[in-house]
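Everything below concerns the one structure shown next.
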Amino acid sequence: MSIFSSLRISGSGLTAQRLRMDSIANNIANAETTRSIDGQPYKRQEVVFQPIVSPTALPVSDTGAARRPPEEGVQVAAIVQDETPPRMVYDPSHPDADANGYVAYPDIDVITEMTDMISATRAYEANVTAINAAKSMATKALEIARG
C-alpha cells in the first residue's frame, strides 16, 4: 500500500465521519421538532457506510481462486430515516396536539446522539492521526533521499 493510498483511505474516512457528525447534529437540533416540512415530527437520520472497492482490483488471484478485492476506503451509501414511531406526550395546550391532547415528538435520545457524536469525533481524529503519520513518513523519506 502506498502513502497516497493511505491518504486516500483516511481522506474518505474524514469525509464520511464529517457527514455522520452533521447528521447527528441535525438529530440533536431537531429532537423537539414536532412539525417538519411534511407536517410530521422530525425523523432521526442515520448514515450508512459502505466500503469503496478499487475498480482496478482483480477479483481472481494468480492461482485462479476467487479473492476479495481490496477496499480503498469508506463512503456514505445512504442517509436513512429511522422509522421508529414518535413519542407521544400529553400536552393539550400545544399547537400540534391531536384531538386527544397528545403531541407527537421525535423519538430521539440526546444521550445516544451524544455518544454517537463522540464515536464519530474519535474516528475523525484517528483518520487525522493516520494522515499526519503518512505525511511524516513521506517527509522523512524525502530527507533520507536528499542525504
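Every number in this text was worked out from the coordinates using simple rules, so none of it is lab data. Everything quoted here is computed from the prediction, not taken from an experiment. Cβ: placed from backbone, ideal geometry, glycine included. Neighbour counts: every protein chain shown.
Things to note:
- Relative contact order, percent, the chain [alpha-carbon distance under 8 Å, six or more residues apart]: 32 percent
- The modelled label-to-label distance for the pair D109/M88, using points 7 Å beyond Cα in the direction of Cβ, is 2.1 nm.
- What the Cβ-Cβ distance of T139 and S5 gives, at R0 = 25 Å and to the nearest 0.05, is a FRET efficiency of 0.90.
- Anisotropy class of segment 64-147 from Cα gyration tensor, a/c 1.5 cut: prolate
- Listed peptides 82-95, 7-20, 37-50, 134-147 appear in the order 7-20, 37-50, 82-95, 134-147 once ranked by packing, highest mean of other Cβ atoms within 10 Å at the front.
- Selection from M88, N132, M117 lying farthest towards where the dipole of the chain points positive, charges on Cβ: N132
- Of the labelled figures (1) 19.2, 56; (2) 22.6, 81; (3) 18.2, 66, only one reflects Rg and Dmax of the Cα atoms in Å as derived from the coordinates, namely (2).
- Estimated inter-spin distance, S54 and E125, nm [label 7 Å along Cα→Cβ]: 3.1 nm
- To the nearest ten degrees, helix 110-146 and the longest principal axis of the Cα atoms of the chain are 20 degrees apart.
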